[in-house]
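Below is one structure, written out as structure tokens; the observations come after it.
The values are calculated or read from the model by the stated rules, or taken from the named source; none is laboratory data. Just so it is clear, the structure is predicted and the values come from calculations on it, not from any experiment. Quick reminder, even Gly has a Cβ in these numbers, built from the backbone with ideal geometry, and neighbours come from all protein chains shown.
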């Protein structure tokens with residue numbers, strides 16, 4: 001993947017994130033939804049990767065409810081309003097999008113896949129990303145880092161007001 005394509009896709013992803021900072025949602029706003037879609041679809045096109053496109057489609061579905069009259073209320077929990085929850089979910093999708101772009105760049109894959117994803121291709125990609133046979137050790141440290149991050153996120157959600 002070219003460095004320029006990565007930079008373009010990352011810059012567009014950052015613009016989507018910035019947009020979310022300035023548009024809180026929670027009401028019907030066709031203009032905001034249209035702008036969100038323009039930015040997210042542009043990021044998806046720049047990435048030119050099926051998984052990245054799927055992530056942006058997920059973000060779009062969340063945005064559809066975020067910028068609606070009442071659909072955001074469905075997502076409310078005891079800890080978070082529906083708009084807070086949806087903005088958090090979109091932010092998580094954008095984080096995954098950035099991670100995917102950086103992963104593709106790191107393993108040197110092209111943006112275009114040459115055929116359907118196969119278990120063999122995924123296994124080869126993982127071996128390349130983790131440096132071969134020692135991936136078991138890398139994988140276990142990655143799992144512990146992910147568990148730590150999840151604990152941190154959950155503790156942050158349950159803080160008393």
Open item on the list: Just to be sure before I move on: is residue 87 in contact (Cβ under 8 Å) with a residue 40 or more places away in the chain and in a helix (DSSP H, G or I) in the structure I sent?
Closed with: yes
Task: Residue selected from region 30-50 under the condition without any contact (Cβ under 8 Å) to a residue 60 or more places away in the chain and exposed (fewer than 15 other Cβ atoms within 10 Å of the Cβ), by the criterion farthest from residue 20 (Cα to Cα) - done: 45
Open item on the list: Checking residue 25 against (1) over 18 Å from the mean Cα position of the chain (by Cα); (2) surrounded by 19 or more Cβ atoms within 10 Å (Cβ to Cβ); (3) modelled with pLDDT of 95 or more, only one condition comes out false. Which one?
Closed with: (3)
Open item on the list: I'm told residue 24 meets every condition in (1) assigned to a loop (DSSP other than H, G, I, E, B); (2) more than 16 Å from residue 89 (Cα to Cα) except one. Can you identify the failing condition by its number?
Closed with: (2)
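Considering every residue within region 56-63, establish whether at least one is surrounded by fewer than 20 Cβ atoms within 10 Å (Cβ to Cβ), at pLDDT below 95 and in contact with a helix residue (DSSP H, G or I) (Cβ under 8 Å, 6 or more places away or on another chain).
no
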Task: Criterion (loosely packed, with under 14 Cβ neighbours inside 10 Å, modelled with pLDDT under 85 and out of contact with any strand residue (DSSP E or B) (no Cβ under 7 Å at 6 or more places or on another chain)) met by exactly one of 140, 135, 70, 125 - done: 140
